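K.L.:
First the structure, which I've put down as structure tokens, then a few questions once you've had a look.
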Amino acid sequence: MDDPKLQKIAISGPTLASIIQRFHSSNGDVDGVLFGHVTDITASDLQDDDGPDASSSRSDSPILVATITSFFCSGTINSFYDSVGRLDLNALRRFLGDRGPGRSFIGWFVGRRRTPLRPSMRESLVTASLSNKALNLVPPDDPLSSSLNFPPCVFIVFSTPFSDRLIHTHEHRAFQFRRSAGVFEPKSVDVINIGPAFRGHYSAFSPSSPFPWLSCGSSHSEDKRSDSLNQVKRIAKEQQGLDLCAEGFEIGRLSSLMGSEAANYTSELEGLYTKMLAKLDGLAHLVEQSSARVFEQENRNVKLRLKVMTFFVVSASGGSSIEAEYCRPFSDSSLYDSAFCLSLAFCWLWSKIKHQG
Amino acid sequence: MAADTLPPLVAAQLNYLLTHSPLSVKVDQIWSGCKNPHLTDRFTLLIPFCLDYIRWDVIYNAQFPLAAPDVIFAAEDENFHPIAIDGEEEGGVHKPKSSLCDWNSKDPSRLLSLIHELRDLYISYQRKRVGELEDERLKFEISTIFSREGIEMCMSSGTDKPEEVRFSVPLLDMDLNKLVQGCPWRHQQKIYLQVIFPVTRKYSVAPSAPRVKLVSSSELKILFSVEDVKLPPWLDGMCMAEYLPTMEETLRAQVLEAVASIGVRRRFIEALAPLFGRPVEADPVFCRKATFLAASSVFTFLVHFVIPSQFPKQQPVLMLQSSQHLNTQGTPVMSPALTDYRWSPRWEASQMAERIFEFLVEECLSFKKYCNESLLQQH
């Protein structure tokens, strides 16, 4: 059975909140992909007394729950598909490439403001294309995807209510696309750790989410000798930076904190902490200023884009594709990177506009 | 129009759709999907289908006005998937390329072709749904009227009402717009027969008669009112293929009569002219209205003639309007509608005009009195 039915969809509170945050902070509509895993929670207790009603439901339909653990938001629309829902496999592979181990691609989402909570024409097409059997996105050696052959058929719509007077500001609805019938089945969404149903879980808590995946591991282990020279250099440089902050306070010297000379060291160390705090404060200041600049720039970009649009209509001759290149998302890079990208894009656009007269 | 705040490229496409479509597509509301609520980019279209409207939300994106729009269909049409998915075109069935495929936002006609394409697909979708019903009578009806063009049908079902199938059958294969000289209609006028069948899944010997009703485009009312047509009864065991021809014949005769009555009304207005003078205002196309200026000694007033579409069977409705008396709101004093004068449809036009003239000679005196009284009441 290659089209198994999901019983429900679970999502962790922080993941849901950060999807909503990404949607909320974007100027327009957004889409993205969802990662997670599908687990079979079919009760394994075997009954000796096979009643006629129990046997039929137990044997052939496993109870599956799709858990969404992370996501990637493109910050734009039509990011991995075109207007008729054909997939752009290169873009999709790029999105999937950085997901880390233990997370398989289980669906996608769309955030569009003030729209009905049901799949649109294009969204149906994209979802159908994604759950197409012929689609082969995941390398066959991926252990998770091969264990449960589950197509990325989860689709979540995020929207905002039409009326401004409602208390809640966002709404969402999840679906499973059933390929065999070609229909979307609405699924209930469990937000893990929210609501009274989860209270009991704390008594028997055991963390099940994996430790954040860090690509730059420790370089001290012996078997990492084969690392590229570049990485070694980079780590050396980072270590230098750290040493600069520590101002000669190596880990070894911390042992002097104990014993008779501890008093001198304590005051020195406190001085160091104060300096470090001041530096952090300065850094926070910088971040604040640059985010303000990014915000200003974004506003200016919206205005410019409108101007460009008007220009298109007035001249109607433009063979230039300012919009297409200009609107590439400045996706999940760091704050400074995106500020830099934005200013670059702005300069480039400005020169182009000037050039066109 | 609220389309002012749409991005210019989107506004151009919407305006093109509204002005160039042969269907009378309406915009229900325009709103914004952006953080900045002044940039509107989505709207609901009301698209005529099967003598009703379907509501489709067209979703553009003000941030990316060059991108093709998306459409959200009504909640009850969740199974309507108009565009084939890649790789599903098995069995050699290759659907025509959608106008969405190579979207050119600078071409204002694109939205129009998209909406028409989707509506055509919607018609066949509904036809397929009705065809799949397990109802012997409906299957028979569809097979017998298959050759008629332009038939639309749809399923209507709700939780609290029984399942029904609604047909809209365009009647009379003549161009009504061409029958009227100098006709001002932008859209093609048409008369439809709406037939509503209850869905009976079980075989029954005498299925109940469907509900039939004539519907016309709204602008046609000035020439011909379908409410005045008496439909022949639907006999037991009848089907649409039997019912339609006789019904269409009587309707055709009535429409032609209505067109001919324009000439009768025109001659009547012309016959009024020797007595009342040239009309101040007259409807030159349908000849349904004429206004003359008249005077009785120094009392000057206007006479409004409202000539019914059933003229001369029905007499004109007269209204007098004083040119010298204003009421408290500052508008001229009007008489109530006058119809209680002698009338015969068999009179010549000149005789009709004379009789009305004679009647008004008397009537204007009482109207003058009425005007003076209403003036007195004000002081």
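K.L.:
Using only the heavy atoms of the protein chains and a 1.4 Å probe, how would A:Ile106, B:Ile123 rank by accessible area, largest first?
P.N.:
Working: A:Ile106 5, B:Ile123 35 Å².
Result of the area sort, largest leading: B:Ile123, A:Ile106.
K.L.:
Expressed as a rounded percentage, what relative contact order does chain B have, with Cα pairs under 8 Å and six or more residues apart?
P.N.:
Working: 549 pairs, mean separation 31.5, N = 379.
For chain B, the relative contact order is 8 percent.
K.L.:
Note the full-extension length gain between B:Gln29 and B:Asp236 as 0.36 nm times their separation in residues minus their Cα-Cα distance, in nm to one decimal. The partial results should precede the final answer.
P.N.:
Values: separation 207, 0.36 × 207 = 74.52 nm, distance 4.56 nm.
Extra length from B:Gln29 to B:Asp236 when fully extended: 70.0 nm.
K.L.:
Compute the semi-axes of the equivalent ellipsoid of the range B:246-379, taking the square root of 5 times each eigenvalue of the Cα gyration tensor, and list them largest first in whole Å.
P.N.:
Computed over the range B:246-379, the values are 32, 15, 13 Å.
K.L.:
Where the centroid of each part is defined by its Cα atoms, how far is the range B:57-74 from the range B:319-349 in Å?
P.N.:
The two parts, judged by their Cα centres, are 54 Å apart.
K.L.:
Rank these by accessible area, largest first, 1.4 Å probe: B:Asp283, B:Asp28. Numbers along the way, then the final one.
P.N.:
Details: B:Asp283 30, B:Asp28 70 Å².
So, going from the largest accessible area down, we get B:Asp28, B:Asp283.
K.L.:
Accessible area lost on pairing A with B, both sides, 1.4 Å probe, Å² to nearest 100?
P.N.:
Adding both sides of the contact gives about 3500 Å².
K.L.:
Let me ask something additional. For an R0 of 41 angstrom, estimate the FRET efficiency from the Cβ-Cβ distance between A:Ala17 and B:His38 and round to the nearest 0.05. Kindly include the intermediate steps, with their values, before the conclusion.
P.N.:
Numbers: r = 28 Å, r/R0 = 0.69.
Efficiency computed from Cβ-Cβ geometry: 0.90.
K.L.:
Then there is this: Could you sort A:Ile63, A:Ile41 by accessible area so the largest value comes first, with the probe set to 1.4 Å? Numbers along the way, then the final one.
P.N.:
Details: A:Ile63 65, A:Ile41 90 Å².
The residues order as A:Ile41, A:Ile63, largest area first.
K.L.:
Just to confirm my numbers, what's the Cα centroid distance between the range A:275-304 and the range A:3-28 in Å?
P.N.:
Here the two parts' Cα centres lie 28 Å apart.
K.L.:
I would also like to ask the following. If I model a spin label as a point 7 Å beyond the Cα along the Cα-Cβ vector, how far apart are those points for A:Asn90 and A:His285 in nm?
P.N.:
Going by the 7 Å Cα→Cβ label model, 4.5 nm.
K.L.:
Quick check: pseudo-label points 7 Å beyond the Cα along Cα→Cβ at A:Arg293 and B:Leu121, how many nm apart are they?
P.N.:
Label at A:Arg293, label at B:Leu121, 4.8 nm between them.
K.L.:
Now for a different question. Other chains' Cβ within 10 Å of B:67-75 residues: what's the mean?
P.N.:
6
K.L.:
Additional query: How well do other chains shield peptide B:52-59, expressed as the mean number of their Cβ atoms within 10 Å of each residue Cβ?
P.N.:
Details: counts 0, 0, 0, 0, 1, 4, 1, 10.
The per-residue average across the peptide is 2.
K.L.:
Further question on the same structure: Quote the accessible area belonging to B:Asp173 in square angstrom, nearest 10, computed with a 1.4 Å probe and with ligands, DNA and RNA left uncounted.
P.N.:
130
K.L.:
Over the heavy atoms of B:Leu256, what accessible area does a 1.4 Å probe trace out, to the nearest 10 Å²?
P.N.:
80
K.L.:
Note down the accessible area of B:Glu134, probe 1.4 Å, to the nearest 10 Å².
P.N.:
The value for B:Glu134 is about 120 Å².
K.L.:
At 222 nm, what helix-only mean residue ellipticity would chain B give, in deg cm²/dmol to the nearest 500, using -39500 (n - 2.57) for each DSSP H run of four or more?
P.N.:
Values: 6 runs with 115 residues, N = 379.
Result for chain B: -10500 deg cm²/dmol, rounded to the nearest 500.
K.L.:
Once the Cβ-Cβ distance between B:Val280 and B:Glu249 is put in as r, and R0 is 51 Å, what FRET efficiency do you end up with, to the nearest 0.05? Spell out each step's value before the answer.
P.N.:
Numbers: r = 41 Å, r/R0 = 0.81.
Efficiency computed from Cβ-Cβ geometry: 0.80.
K.L.:
Tell me the net charge near B:Lys213. Cut-off is 11 Å between Cβ atoms, B:Lys213 excluded, with +1 for each Lys or Arg and -1 for each Asp or Glu. It would help to have the intermediate numbers written out before the result.
P.N.:
Working: positive: B:Arg166, B:Arg211; negative: B:Glu227.
Charge balance in the 11 Å sphere: +1.
K.L.:
Additional query: Could you calculate the FRET efficiency of A:Glu171 with B:Glu348 from 1/(1 + (r/R0)^6), where r is the beta carbon distance between them and R0 is 56 Å, rounded to 0.05?
P.N.:
Details: r = 72 Å, r/R0 = 1.29.
Calculated value: 0.20.
K.L.:
Okay, moving on. Quick check: the distance between the Cα centres of the range B:101-135 and the range B:238-310, to the nearest angstrom?
P.N.:
41
K.L.:
At B:Asp160 and B:Glu227, where each label point lies 7 Å from the Cα along Cα→Cβ, what is the point-to-point distance in nanometres?
P.N.:
The two pseudo-label positions are separated by 2.7 nm.
K.L.:
Kindly give Rg over Rh for chain B, based on alpha-carbon atoms, with the Kirkwood expression for the hydrodynamic radius. Kindly include the intermediate steps, with their values, before the conclusion.
P.N.:
On the way: Rg = 27.6 Å, Rh = 25.5 Å.
With Rh from the inverse mean 1/r over Cα pairs, Rg/Rh is 1.08.
K.L.:
Please tell me the relative contact order of the range B:206-326 in percent, rounded to the nearest whole number, where contacts are Cα pairs under 8 Å and at least six residues apart. Mind showing how you got there, number by number?
P.N.:
Numbers: 132 pairs, mean separation 21.9, N = 121.
Reported as a whole number, the value is 18 percent.
K.L.:
Across peptide B:27-35, how many C-beta atoms of other chains are within 10 Å of each residue C-beta, on average?
P.N.:
Details: counts 0, 0, 1, 0, 4, 3, 10, 7, 8.
For peptide B:27-35, the averaged partner shielding equals 4.
The values are calculated or read from the model by the stated rules, or taken from the named source; none is laboratory data. Fair warning: this is a prediction, and the values are worked out from it, not measured in the lab. Neighbour counts run over all protein chains shown; Cβ positions are idealised from the backbone, glycine included. Ligands, DNA and RNA are stripped out before the accessible areas are found, and what is left, the full protein with its side chains, is counted by its heavy atoms. Shrake-Rupley method; radii C 1.70, N 1.55, O 1.52, S 1.80 Å.
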